[in-house]
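Right, one structure below, let's go through it.
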Amino acid sequence: MQSASNQLRFKRRVLVALGWNDPRTIRVIGQYARNAGWHLETRHFFDEIVPLQWRGDGLIVSYSQRSDVLAFIRRQAPRQPTVLLGRNQPGIDSAQVMEDNVMAGRFAARHFMERGHIEFAWLSAYRGSVSSDRYGGFSSELAESGFKCRKLEHRGSRSSLRDGRRRQAWLARQLDGLPRPLACYVLDDQLASEMIEVCLSNGWRVPEDFAVMGTGNIEIACECSHVPISSVDLDEEEIALKAAQLLDRLMRGRKQPARPIMIPPRGVVIRSSTDFLAVASPALRLAVDFIGANLHRPFSLEHAAEAAGVSRRTLYNLFKRHLARSPAEFILKARLDRARHLVAESPNLTISNLAAQSGLGSPRTLTRLFLRYEGVSARTWKKALRKSPHPAPWNASGSATVFPGKEIPLNPSGFMSGQMP
């Protein structure tokens, strides 16, 4: 039997020093450390103190705004295997696991364009590579569809960034007079919450006047805002897991990867702050409301046209002009999104009930569509969701895209006329 001292020496000592304390990151690294038998130095999680003299086997770090933490990272990183979390670089040569900020921006742009927006803005209060990458992805995706993006960046000093009143007054001045409805992608969820507060304080509606999308999907920020915030889920759990796995390999003598490991976003988690179709046509609004209220039962395109007070041909033209898709394509995507939401909300729902409540008819139809657009069966999708649930709200005015899935192609056969499955 090993002595207590031998057991202590056997455990690898790992310190985690993060510039932000995301509970998801801490939880995943903690679980991995327990299973791997690491001794995890946890003091920095709680009081942000880093030891003056650290002698350990590995570090997991991220960029910090604090000079003392940055100095610790730069001093200690060369002394043992180190993994850097995130895109911002604190000035060390180490292995790196990072989020795909460009793709996050692209996801946000696609979501807004799917909802009919034509006026867009980017909001940031910080400079740096993360802000640059997210703006770049957002503006590039918009430009490829012929749209422009206004850039709203608060350029105060480091001390002025803490002055919330001054920043909010600046933002109110920027937003006043901008065309509406305006879709705004925001650097992070905390700043998105602040923008929503500014909008409501000035009598502007969210999402009808300003649709607001955050980044990070931090639930406590998104769901406790005045208006719950839609957000791009960067998959922080996977980033943390890959960082822990990489550090484990490095401590076992493996070679450092030549390039950073890039983790793509999971997709957009839709909440109330963007749950609005920005369409100018009253007839199209009536049709969209009818579709959202009747997804659970069969109906024809003629029924939707009648509810909108227009002909079937006019309805088709309205959808194509304002939403760049046919009514049938819109209904199919809405029903698939409803099915995704039902799975997230009620994982134990049977496939038959799921097909019926989403208006997709039979289990066979549901399975075929999930295979086509998700790449897996509905049963497999349900099992994956149980392991990492990300439910999103649903209402009659639109759909909820929790995972990016596959794009629905134009003119899907069998959905152009008659009764929808």
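The values are calculated or read from the model by the stated rules, or taken from the named source; none is laboratory data. On a predicted model such as this, the values are computed, not experimentally measured, just so you know. Don't worry about glycine lacking a Cβ; one is built from the backbone with ideal geometry, like all the others, and counts go over all protein chains shown.
List of remarks:
- The residues of region 6-47 that are within 20 Å of G253 (Cβ to Cβ), of a type in the set (D, E, K, R) and surrounded by 12 or more Cβ atoms within 10 Å (Cβ to Cβ), listed by number, are K11, R12, R13.
- For P181, the stated conditions do not hold, so it cannot be described as touching a helix residue (DSSP H, G or I) at 6+ places or on another chain (Cβ under 7 Å) and over 18 Å from H154 (Cβ atoms).
- Considering region 242-266, the residues that are assigned to a loop (DSSP other than H, G, I, E, B) and in contact (Cβ under 8 Å) with a residue 40 or more places away in the chain include one that is nearest to Q89 (Cα to Cα), namely P260.
- Taking the listed residues R127, R180, the one that is closer than 28 Å to G91 by Cα and in contact with a strand residue (DSSP E or B) (Cβ under 8 Å, 6 or more places away or on another chain) is R127, with no other qualifying.
- Scan of region 325-364 for residues that are within 27 Å of A280 (Cα to Cα), of a type in the set (K, R) and modelled with pLDDT under 85, ordered by number: R325, K333, R338
- Contact map, region 197-214: first residue farther than 25 Å from F107 by Cα and assigned by TED's automatic domain parsing to the domain that holds H111, second residue in a loop (DSSP other than H, G, I, E, B) and of a type outside the set (A, V, I, L, M, F, W, C), Cβ cut-off under 7 Å, separation 6 or more or different chains; pairs are L200/H226.
- Among residues that are of a type outside the set (S, T, N, Q), at pLDDT 90 or above, closer than 29 Å to A258 by Cβ and not in a helix (DSSP H, G or I), I73 is not included.
- Checking region 118-129 against the condition returns a match, with at least one residue being farther than 21 Å from I263 by Cβ, at pLDDT 90 or above, part of a loop (DSSP other than H, G, I, E, B) and not assigned by TED's automatic domain parsing to the domain that holds A243.
- Selection status of N101, closer than 23 Å to R27 by Cα and in contact with an Asp or Glu (Cβ under 6 Å, 6 or more places away or on another chain): yes
- Residue-level check: of (1) assigned to a helix (DSSP H, G or I); (2) more than 24 Å from the chain's Cα centre (by Cα); (3) not aliphatic (A, V, I, L, M), N348 misses just (1).
- Of all the numbered requirements in (1) of a type in the set (A, V, I, L, M); (2) closer than 30 Å to F319 by Cβ; (3) surrounded by fewer than 24 Cβ atoms within 10 Å (Cβ to Cβ), L241 misses one, and that requirement is (2).
- Tally, over region 31-47, of residues that are modelled with pLDDT under 85 and within 25 Å of E238 (Cβ to Cβ): 4
- Within the option set L371, L295, being out of contact with any Leu (no Cβ under 8 Å at 6 or more places or on another chain), buried (at least 21 other Cβ atoms within 10 Å of the Cβ) and either at pLDDT 85 or above or not hydroxyl-bearing (S, T, Y) (or both) holds for one residue only, L295.
- Just so you know, in region 168-192 the residues that are among the small types (G, A, S) and more than 14 Å from the chain's Cα centre (by Cα) include one that is surrounded by the fewest Cβ atoms within 10 Å (Cβ to Cβ), and it is G177.
- Filtered residues of region 258-273 (kept if over 13 Å from the mean Cα position of the chain (by Cα) and either of a type in the set (D, E) or within 16 Å of D100 (Cβ to Cβ) (or both)): R259, P260, I261, M262
- Matching residues in region 30-45 - criterion: being among the polar types (S, T, N, Q) and touching a residue at least 24 places away in the same chain (Cβ under 8 Å): T42
- Here is the figure for region 298-324: residues that are within 16 Å of E114 (Cα to Cα), assigned to a loop (DSSP other than H, G, I, E, B) and modelled with pLDDT of 85 or more total 0.
- Of the residues making up region 96-119, those that are surrounded by 23 or more Cβ atoms within 10 Å (Cβ to Cβ) and of a type in the set (A, V, I, L, M, F, W, C) number 7.
- First in region 136-149 and assigned by TED's automatic domain parsing to the domain that holds R321 and within 13 Å of H111 (Cβ to Cβ), second anywhere and outside any helix (DSSP H, G or I) and among the aliphatic types (A, V, I, L, M), Cβ under 6 Å, 6 or more apart: none
- Considering the conditions (1) outside any helix (DSSP H, G or I); (2) in contact with a strand residue (DSSP E or B) (Cβ under 9 Å, 6 or more places away or on another chain), V279 is excluded by exactly one of them, (2).
- Subset of region 194-238 [within 15 Å of the chain's Cα centre (by Cα) and assigned to a helix (DSSP H, G or I)]: E219, I220, A221, C222, E223, E236, E237, E238
- Candidates S124, S129, S140, filtered to the one that is within 21 Å of V198 (Cα to Cα) and surrounded by fewer than 22 Cβ atoms within 10 Å (Cβ to Cβ): S124
- The one condition in (1) more than 26 Å from G164 (Cα to Cα); (2) touching a residue at least 60 places away in the same chain (Cβ under 8 Å) that I218 fails to fulfil: (1)
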